[in-house]
Amino acid sequence: MESFDDSFDLTMAAATLRSNSTDVRILLKALTSELSSTLGERLRVEYAGGRFRKSDVIARVLITMGNETFEATVDGPVLRCSVGHSSGGIRIRSDTLGVDEWIVRLLGALQVEAAHSESARVALENIVIGGNQ
């Protein structure tokens with residue numbers, strides 16, 4: 001398998017991922033299942049239902065990579081996405097993004113990590129190419 005380099009089209013990968021996961025909950029479930037072993041504690045998943053009612057429906061995802069925190073919150077059929085930027089552990093700003101741009105930025109951060117992490121490289125390949133399907 002060839003490695004992901006700067007010529008790899010993250011926009012095309014995001015579009016493919018979105019077309020394969022038209023429901024936002026399915027999209028988040030696919031992303032979190034691929035990233036859970038790679039990111040460990042840097043991936044936080046919050047489920048719908050509250051304290052007393054258990055659910056496997058994802059309500060919110062937080063992914064920390066480097067100085068960025070990727071947040072996706074399910075609001076009915078809509079996915080609200082943002083990327084927070086930190087410096088010295090303090091959040092200095094947050095950008096609201098469309099789903100496609102959020103996925104491109106997330107895959108870009110994963111691509112940077114994949115340069116020195118085998119598990120990140122495999123996760124990126126599985127997300128983009130569908131290696132685990």
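What the table shows:
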quantity: Loop-located trypsin sites (Lys or Arg not before Pro) in the range 21-98, at most 14 other Cβ atoms within 10 Å (DSSP); calculated: R51, R53, K54
quantity: Per-residue HN-Hα couplings for the range 88-93 [Karplus 6.51, -1.76, 1.60; θ = phi - 60°; Hz; x = Gly/Pro]; calculated: x, x, 10, 5, 9, 6
quantity: Net charge of Cβ neighbours under 12 Å - reference R25; Lys, Arg +1; Asp, Glu -1; calculated: -1
quantity: Estimated translational D of the range 23-127 in µm²/s (Stokes, Kirkwood radius over Cα pairs; 4 °C; 1.567 mPa s); calculated: 91
quantity: Relative contact order [Cα under 8 Å, 6+ residues apart], the range 23-127, whole percent; calculated: 20
quantity: Amide proton proximity set for L97, modelled H, under 5 Å, gap of 5+; calculated: C81, S82, V83
quantity: Karplus-derived HN-Hα couplings along the range 26-32 (A = 6.51, B = -1.76, C = 1.60, θ = phi - 60°), whole Hz, x at Gly and Pro; calculated: 5, 4, 5, 5, 5, 4, 5
quantity: The range 23-127 - charge dipole about Cα centre, Lys and Arg +1 at Cβ, Asp and Glu -1, debye rounded to 20; calculated: 460
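Read-outs: derived from the displayed coordinates by stated rules, not from any lab. Everything numeric here is computed off the predicted structure, so don't read it as measured data. When we count neighbours, we look across all protein chains shown, and the Cβ atoms used for this are built from the backbone with ideal geometry, even at glycine.
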